[in-house]
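Asks: My questions will all concern the structure given below.
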Amino acid sequence: MKKIFLMICMFFMLPVFADTMPFYTNAVPKNTLGVFQVGENLTVYSHPESNSQIVREYKFSYNPESMPDSIFALLLNERKLGFLYVSDIGDDNWVEIIYDKRTGAKGWVMTEDRFQFMPWINFYNMYGRKYGLRLFKDAPEDCNILHAKADDLAQGVGKMNYVKKIKLTKLSGNWALVSVFDIDKMPKMGFMRWRGDNGDIYAFPDIK
């Protein structure tokens, strides 16, 4: 009986290898331009030139136990879906990515098609409209206020309290036109801030 108890304890003490999702505003580096979708292989260069120094090479297995840490903006292993933050754009289909979120280390990668690099507006229009949005846990309280127009001074038309899903209709600058069903089961529609004027992101596509 004692051995069984110890085995159960050891099981719960094993590390949990989870997918990667941003939940707080500081998870998204400021002034990022969008995301870069990776496949199974990735070569990172020091400069936007194929003959420049290779600073990192990756082979992604999408096995949670062998995936690198602190690289992904978003990672869903089961779906083999991974995105990195993009910090700059070069010529000839090169983009600069952040390959270490802890140190902020950056390098250059070549896009293989026009959908691999997704500016924020494209990313939100594709995944935000499909899955809805999720407010970050430390988003300012003002983000819960729905406005009649995409303006801080515009009239408030509702407040989000305990919403299960925020449905995105469109983006307008740093604002998103959304509709929600709140705890009172009454539909509400208006503009909410998805990004601050300082570049902080407050809401993210709720990809599943």
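The values are calculated or read from the model by the stated rules, or taken from the named source; none is laboratory data. This one's a predicted model, so the numbers in the text were calculated from it and none came from an experiment. Note that each Cβ is placed from the backbone with ideal geometry, even for glycine, and that neighbours are counted across all protein chains shown. All accessible areas refer to the heavy atoms of the entire protein, side chains included, with ligands and DNA or RNA removed. Shrake-Rupley method; radii C 1.70, N 1.55, O 1.52, S 1.80 Å.
Asks: Could you order SER66, SER52 by accessible surface area, starting with the largest, using a probe radius of 1.4 Å?
Replies: Result, largest first: SER66, SER52.
Asks: Please tell me which of these pairs span more than 30 angstrom C-alpha to C-alpha: LYS59/LYS164; LYS137/LYS188; LYS80/LYS137; LYS59/LYS170; LYS101/LYS188?
Replies: Over 30 Å Cα-Cα: LYS59/LYS164; LYS59/LYS170; LYS101/LYS188.
Asks: Applying 1/(1 + (r/R0)^6) with R0 = 25 Å to the Cβ-Cβ distance of ASN51 and SER172, what FRET efficiency is obtained, to the nearest 0.05?
Replies: The pair ASN51/SER172 has a calculated efficiency of 0.05.
Asks: What is the distance in Å between the Cα centres of the range 40-64 and the range 90-168?
Replies: 25
Asks: When every alpha-carbon pair in the range 76-191 is counted, what percent end up more than 16 Å apart?
Replies: 69
Asks: Label point 7 Å out from ASP197 along Cα-to-Cβ: which residues of the range 119-163 have amide N under 12 Å?
Replies: 151-153
Asks: Here's something else I'd like to know. Quick one: Debye curve from the C-alpha atoms of the range 13-128, no solvent, what's log10 I(q)/I(0) at q = 0.14 Å⁻¹?
Replies: Rounded to two decimals, the profile gives -0.56.
Asks: Which net charge results for the neighbourhood of LEU135, defined as the other residues with beta-carbon distances under 15 angstrom from its beta-carbon, given Lys and Arg at +1 and Asp and Glu at -1?
Replies: Neighbour charge sum, excluding LEU135 itself: +3.
Asks: Ignoring everything but the protein chains, give the 1.4 Å probe accessible area of HIS47 in square angstrom, nearest 10.
Replies: Surface open to solvent at HIS47 totals about 100 Å².
Asks: A further question on this structure: Could you check the spin-label model distance between LEU153 and GLU78? Points 7 Å from the Cα along Cα→Cβ, value in nm.
Replies: For LEU153 paired with GLU78, the spin-label model returns 4.9 nm.
Asks: So, one more: What is the ratio of the Cα radius of gyration of the range 125-208 to 2.2 N^0.38 Å, with N the residue count, to two decimals?
Replies: Relative to the 2.2 N^0.38 Å estimate, the range 125-208 comes out at 0.97.
Asks: Summing Lys, Arg as +1 and Asp, Glu as -1, what charge do residues with Cβ under 12 Å from the Cβ of ASP69 carry, ASP69 excluded?
Replies: After counting each charged neighbour, the total is 0.
Asks: Once ligands and nucleic acids are excluded and a 1.4 Å probe is used, how much of ARG56 is accessible, expressed in Å² to the nearest 10?
Replies: Per-residue accessible area (ARG56): approximately 110 Å².
Asks: Subtract the Cα-Cα distance of ASN122 and ASP142 from 0.36 nm times their separation in residues, and report this length gain in nm to one decimal.
Replies: The span from ASN122 to ASP142 would gain 4.7 nm if fully extended.
Asks: Just the Cα atoms of the chain, one point each, no solvent: what log10 I(q)/I(0) does Debye give at q = 0.09, 0.14 Å⁻¹?
Replies: Log10 of I(q)/I(0), two decimals: -0.43, -0.88.
Asks: Counting only other residues whose beta carbon sits under 14 Å from that of LEU42, what net charge do I get with K and R as +1, D and E as -1?
Replies: Residues near LEU42 contribute -1 overall.
Asks: Rounded to the nearest 0.05, what FRET efficiency is calculated for ASN93 and PHE23 with R0 set to 25 Å and r the Cβ-Cβ distance?
Replies: Here the calculated transfer efficiency is 0.20.
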